[in-house]
Every structure is written in structure tokens, then in C-alpha cells.
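These notes are about the structure you will find just below.
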Amino acid sequence: MTADVRPVSAEDLAALGSRWPAHDVWDGHAARAAAGEATFLAAWLDDDPVGVALVQWEGCVGAAARTAHPDAVEINHLHVRDGHRGARIGTGLIDHAERLASARGVARTVLAVEDDNQAARGLYLRLGYRPTGVFDECAYSYLDDHGVERRASERSESLIKDLGGVSSPDQGVARRSQMATLVPPRPVGGIKKP
Ligand SMILES: CC(C)(COP(=O)(O)OP(=O)(O)OC[C@H]1O[C@@H](n2cnc3c(N)ncnc32)[C@H](O)[C@@H]1OP(=O)(O)O)[C@@H](O)C(=O)NCCC(=O)NCCS
């Protein structure tokens, strides 16, 4: 069965909270979406939420990536529920995010991947992303698969893909000038808090 990927509505948010509890993480994503800073995507199998991603319209989250790719939009907080991985749900979320970006005239999307996450890196390369040699380091807290809050730091390389559209670096600068807060990137083993 193919997962249905769509932006999270108010109704979806309630279902997400009850079927895939993640403390205040979903509310943080929804708040960024309500502010127009991001699109919060979820993938559903019938009524079950099985994956999420954020499209960060204000550009890359990491400082080095922002400098190197000023025109790019970052897809982050990509997470597929344990037990549903390997079923092309992550691919569907990325594909949906790229189509939203193309529709807005964004020329390039970025996915950042930690040094030790070879599985995700392999997926991104397969989807046409290329290594840039641009790295960002960040410290963050996240919820592990048991809902326990952990502290960690990670070094991520931004991988980039040309979508075939046209955008100028000024677009990225304009997007960021409206940015209220920076949200750290993806979780290592669990769901990262906003
Ligand atoms: C990385 C992740 C989002 C991929 O989603 P997915 O739905 O499993 O990915 P898809 O089914 O679309 O693609 C499968 C690919 O993902 C990779 N993969 C990563 N973890 C996997 C897992 N546990 N099981 C199967 N494939 C996995 C494989 O390399 C696979 O590539 P292949 O099809 O060429 O063999 C998902 O595994 C996940 O949520 N992992 C934990 C959080 C995370 O690492 N997020 C990304 C941070 S950069």
C-alpha cells in the first residue's frame, strides 16, 4: 500500500498526537507551519501516521549550509516510524517536499545527513542528492524511541539536489530575514525536539 503524504491539518495534528505521541514536537512543527516558515508533512497508511518531514522555506538550518547554499530550501526532521522503514515512505515524503518546492519556484533542496547515518545517506544519493563537502555541527535534545529526552551533538553534511527550476540567492536571504527561530535538524535515533 502506498502512503498518503499531505501537509498536516488541524485534524491530522490531533490524530498524530494520539497515535504517535512525541511530547511537544508535533506542536512545534505545526507552529512553524502556521507561521508560514515551514510545511509540516506527514505520511499516512489509512489512519496511521507512519512518517513526517518539514520543508524549511527559510533556507538551510546550519550556518555553513546557509552560507554555501543561500537559495536552497532544506527538508529536515525526516523520520519514518520504526516498523515501516524500507517501504518507500521516506522516498514519498522527500518526493512530495520536492514537488512543493518546485511549485514555489525553488531551484534546489538540501538534506543534511550525519556522518554515521549511512542508510539515510544512501537513500539521498539514490534520490539524486550530491555531497557538497559542507558540514555543520549542532548540539540538540531529542526524544529516543522510548520517549526519553537525550542530549547529543552531530556533524552533518548538506547534500543538495537541483530541481530544474530557477531561483536567485536573494530569495533565500528574503526568506531568512523573516525567520523567527532556528530549528535544529533531524534526530539520530528518535524524534528531535524543535
Ligand atoms: C532514513 C529514513 C527516513 C528512510 O525512510 P524509509 O521509508 O525507510 O526509506 P525508503 O523506504 O524510502 O528507502 C529505503 C532506503 O532507506 C535506507 N534505510 C534507512 N534506514 C532503513 C531501515 N531501517 N530499513 C530499510 N531501509 C532503510 C536504505 O538505504 C534504503 O535504501 P535502498 O532502498 O536503496 O536499500 C528512515 O529510515 C528513518 O526514519 N530513519 C531514522 C531517522 C533518520 O535517520 N532520519 C534521517 C536523518 S538524516
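The values are calculated or read from the model by the stated rules, or taken from the named source; none is laboratory data. What you see is a predicted model, and the numbers here were worked out from it, not measured in a lab. Neighbour counts run over all protein chains shown; Cβ positions are idealised from the backbone, glycine included.
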Inset, instruction - Quick one: in the range 32-43, of everything that is touching a residue at least 12 places away in the same chain (Cβ under 8 Å) and over 16 Å from residue 5 (Cβ atoms), which residue is surrounded by the fewest Cβ atoms within 10 Å (Cβ to Cβ)? - result: 36
Inset, instruction - Answer yes or no as to whether residue 36 is modelled with pLDDT of 95 or more, of a type outside the set (Phe, Trp, Tyr) and under 20 Å from residue 128 (Cβ atoms). - result: no
Legend entry - Filtered residue count, the range 92-122, keeping only those that are in a helix (DSSP H, G or I), exposed (fewer than 15 other Cβ atoms within 10 Å of the Cβ) and within 12 Å of the ligand (Cβ to nearest atom): 4
Inset, instruction - Only one of these is closer than 23 Å to residue 147 by Cα and crowded, with 23+ Cβ neighbours inside 10 Å: 23, 29. Name it. - result: 29
Legend entry - Within the range 123-156, tally of residues that are part of a strand (DSSP E or B) and away from the ligand (no atom under 11 Å from the Cβ): 19
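Listed residues 33, 3; which is out of contact with any Gly (no Cβ under 7 Å at 6 or more places or on another chain) and aliphatic (A, V, I, L, M)?
Values: 3 fails: out of contact with any Gly (no Cβ under 7 Å at 6 or more places or on another chain).
Of 33, 3, the one residue that is out of contact with any Gly (no Cβ under 7 Å at 6 or more places or on another chain) and aliphatic (A, V, I, L, M) is 33.
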Legend entry - Residue check for residue 59: at pLDDT 95 or above, assigned to a loop (DSSP other than H, G, I, E, B), more than 14 Å from the ligand (Cβ to nearest atom) and within 25 Å of residue 155 (Cβ to Cβ): yes
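Can you pull out every residue in the range 66-91 that is assigned to a loop (DSSP other than H, G, I, E, B), more than 8 Å from the ligand (Cβ to nearest atom) and of a type in the set (Asp, Glu)?
We begin by selecting, within the range 66-91, every residue assigned to a loop (DSSP other than H, G, I, E, B); these are 69-72, 81-88.
Adding the requirement that they be more than 8 Å from the ligand (Cβ to nearest atom) leaves 69-72, 83.
Residue satisfying the conditions is 71 alone.
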Inset, instruction - Find the residue count for the range 39-80, including only residues that are more than 11 Å from the chain's Cα centre (by Cα) and within 26 Å of residue 133 (Cβ to Cβ). - result: 13
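Across the range 9-30, what is the total count of residues that are among the aliphatic types (A, V, I, L, M) and either touching a residue at least 40 places away in the same chain (Cβ under 8 Å) or part of a strand (DSSP E or B) (or both)?
Within the range 9-30, the first condition is being among the aliphatic types (A, V, I, L, M), and the residues that meet it are 10, 13-16, 22, 25, 30.
Pick out the ones that are also either touching a residue at least 40 places away in the same chain (Cβ under 8 Å) or part of a strand (DSSP E or B) (or both) and you get 22, 25.
Qualifying residue count, the range 9-30: 2.
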